[in-house]
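One structure is given here, and the rest of the page talks about it.
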Amino acid sequence: MIKKRKNILQYLVDFFSSYLLCVVSLVLLGLLVWFSTLEMQDIGLSKALDKYYSHKNFIVIPEINGGKSTYIPLPGAYWVCCVLFVNMLLGGIIRLRKGWRNIGVVISHFGIVSLLVVGFVDHHQSIHGKMEVFQGETYDYATKFDYTSIELSEFDESGVKQRPYVIKHDQVADLGDRMRRFTFKALPFDLEVRHFRENVVVVNASSRARGNDSGEIVDGFFLHPAKMDPSKDYFNYGCYVLVKPKNGEPSRKLLLCRSVGFPQTFSVGGKLYGIEMPNEIWKMPFSVDLINSVGEYYPGTRRPSKFQSTIAWTGEDEEREKVQTIKMNHPMRYKGFTLYQANWNEPINGLEFSGFEIVTNPADQWPKVCMWISAIGLLVHFSLKLGKYLERETRKEKGNKQADE
């Protein structure tokens, strides 16, 4: 009998459904988790997550001890999970021999594949932000993690800042050294944004020479690239803007940086305007008032042993105020938003403080379902194995009795 030769597609299916590929993928994921945990101490949590787990990075190079120890390149965790998804789908579900004996294995593999899908949805669809709350004030907004914005505001005659015009993070994040022009119909000027950097420091030109990667000097200062500060764990974005009045007045060049806590001011047509670079504001469908907060650390350390807050909150469609205690693993949920206890500080000027992380994720509760599916599959599989074992032992025992007779 002549054996039929496999075509390229069959070889690819064999490769992507093999046990070897599954083992290699799991080993790579273990290494990536280990290296990202080590490097997190040098570059911070957000930077480590973006480097190792983002879909933007096909290859990552682990750099430990501030870059002094460099290891071999590894594939990004996102793409390893993609390969593992294909492997589990082909080898663990499609090509697995069907029948009642393997039904538990199929169910378990389906749960694992579904969990990988949840990870993809979370990576692309979830939004994270923070809400820092003091006693005595009501908060109905958060700021997005590592998202900046450019806000333009007009000041009235009494110096009160009016509602700002906002350029969002996604509109400038890809700029680099390029320029992008923004026009506002209600404003008497256009704005050109350029030289956008994710992490910079503002340097006095009289105290330090400009480097090749530094920006231009504006009013005696320039932006210089900086390394991530692990203690702060956020990006200090910066850029240059050129204000171009529509009435023919001279253009005005300004330097913006996220760490500058006040607006840069300028005038056009006799009116005063301000421009700044704060975190991007995220409006919430509920408001929060802090009643009290409690924090404890392990003795002699700054490692948290207990953080919890009691809040009064009201949903946008509700009239009654609710009181709830939020602590680790006990968040508040409302309309797809989840409010977690994130951090705590000792009272500031007599006012208690609490920090929350806010997440909206369409797959928020899906991991529980996936874990239950896998658990049921394993229970079915081992129950069948146990039943088969007991049946075999029973037959063996009967056989021994018949032999003795």
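The values are calculated or read from the model by the stated rules, or taken from the named source; none is laboratory data. Only a predicted model underlies this, so the values are computations on that prediction, with no experimental measurement involved. When we count neighbours, we look across all protein chains shown, and the Cβ atoms used for this are built from the backbone with ideal geometry, even at glycine.
Given Ile358, Ile348, Ile373, which one is closer than 21 Å to Ser309 by Cβ and modelled with pLDDT of 90 or more? Step through it out loud before you land on a result.
Working: Ile348 fails: modelled with pLDDT of 90 or more; Ile373 fails: closer than 21 Å to Ser309 by Cβ.
Within the list Ile358, Ile348, Ile373, the selection yields Ile358.
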Examine the stretch 259-271 for a residue that is surrounded by fewer than 13 Cβ atoms within 10 Å (Cβ to Cβ), over 29 Å from the mean Cα position of the chain (by Cα), on the phi > 0 side of the Ramachandran plot and in contact (Cβ under 8 Å) with a residue 12 or more places away in the chain, and state whether such a residue exists.
yes
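Inspect the stretch 309-330 for any residue being within 22 Å of the chain's Cα centre (by Cα) and either part of a loop (DSSP other than H, G, I, E, B) or more than 26 Å from Glu346 (Cα to Cα) (or both) and give the result as yes or no.
Within the stretch 309-330, the first condition is being within 22 Å of the chain's Cα centre (by Cα), and the residues that meet it are 326-330.
From what's left, either part of a loop (DSSP other than H, G, I, E, B) or more than 26 Å from Glu346 (Cα to Cα) (or both): 328-329.
Among the residues of the stretch 309-330, at least one is within 22 Å of the chain's Cα centre (by Cα) and either part of a loop (DSSP other than H, G, I, E, B) or more than 26 Å from Glu346 (Cα to Cα) (or both), which makes the answer yes.
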Given the condition buried (at least 18 other Cβ atoms within 10 Å of the Cβ), within 25 Å of the chain's Cα centre (by Cα) and not small (Gly, Ala, Ser), answer yes or no: does some residue in the stretch 89-112 qualify?
yes
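Return the residues of the stretch 242-288 that are among the basic types (Lys, Arg) and assigned to a strand (DSSP E or B); say none if nothing qualifies.
Pass one, the stretch 242-288, residues among the basic types (Lys, Arg): 244, 246, 252-253, 258, 271, 283.
Listed by number, the residues that qualify are Lys244, Arg252, Lys253, Lys271, Lys283.
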Among the residues of the stretch 143-172, which ones are touching a residue at least 24 places away in the same chain (Cβ under 8 Å), within 26 Å of Lys56 (Cβ to Cβ) and not basic (Lys, Arg)?
Thr143, Phe145, Asp146, Tyr147, Thr148, Ser149, Ile150, Val166, Ile167, His169, Val172
Of all residues in the stretch 128-172 being exposed (fewer than 14 other Cβ atoms within 10 Å of the Cβ) and farther than 29 Å from Ile326 by Cβ, which is nearest to the chain's Cα centre (by Cα)?
Asp170
Test of understanding: among Gly220, Gly248, which residue is surrounded by fewer than 15 Cβ atoms within 10 Å (Cβ to Cβ), touching a residue at least 12 places away in the same chain (Cβ under 8 Å) and at positive phi?
Gly220
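Out of Asn236, Asn343, which single residue is free of Cβ contacts under 8 Å to residues at least 60 places away in the same chain, touching a Cys at 6+ places or on another chain (Cβ under 9 Å) and either not assigned by TED's automatic domain parsing to the domain that holds Arg180 or not in a strand (DSSP E or B) (or both)? Spell out how you get there, then give the answer.
Details: Asn343 fails: touching a Cys at 6+ places or on another chain (Cβ under 9 Å).
That would be Asn236, the only listed residue that is free of Cβ contacts under 8 Å to residues at least 60 places away in the same chain, touching a Cys at 6+ places or on another chain (Cβ under 9 Å) and either not assigned by TED's automatic domain parsing to the domain that holds Arg180 or not in a strand (DSSP E or B) (or both).
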Just one of (1) free of Cβ contacts under 8 Å to residues at least 24 places away in the same chain; (2) loosely packed, with under 15 Cβ neighbours inside 10 Å; (3) not assigned by TED's automatic domain parsing to the domain that holds Gln264 trips up Thr183, so point out which.
(3)
Just a yes or no: is a residue in the stretch 314-322 free of Cβ contacts under 8 Å to residues at least 12 places away in the same chain, closer than 30 Å to Ala186 by Cα and touching a strand residue (DSSP E or B) at 6+ places or on another chain (Cβ under 9 Å)?
no
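Before we move on, is Val294 out of contact with any Cys (no Cβ under 9 Å at 6 or more places or on another chain) and either without any contact (Cβ under 8 Å) to a residue 12 or more places away in the chain or farther than 23 Å from Val218 by Cβ (or both)?
When the stated conditions are applied, Val294 passes them.
Could you tell me whether Leu390 is surrounded by 13 or more Cβ atoms within 10 Å (Cβ to Cβ), at pLDDT 85 or above and assigned by TED's automatic domain parsing to the domain that holds Gly111? I'd like the intermediate steps shown before the answer.
Details: surrounded by 13 or more Cβ atoms within 10 Å (Cβ to Cβ): no; at pLDDT 85 or above: yes; assigned by TED's automatic domain parsing to the domain that holds Gly111: yes.
When the stated conditions are applied, Leu390 does not pass them.
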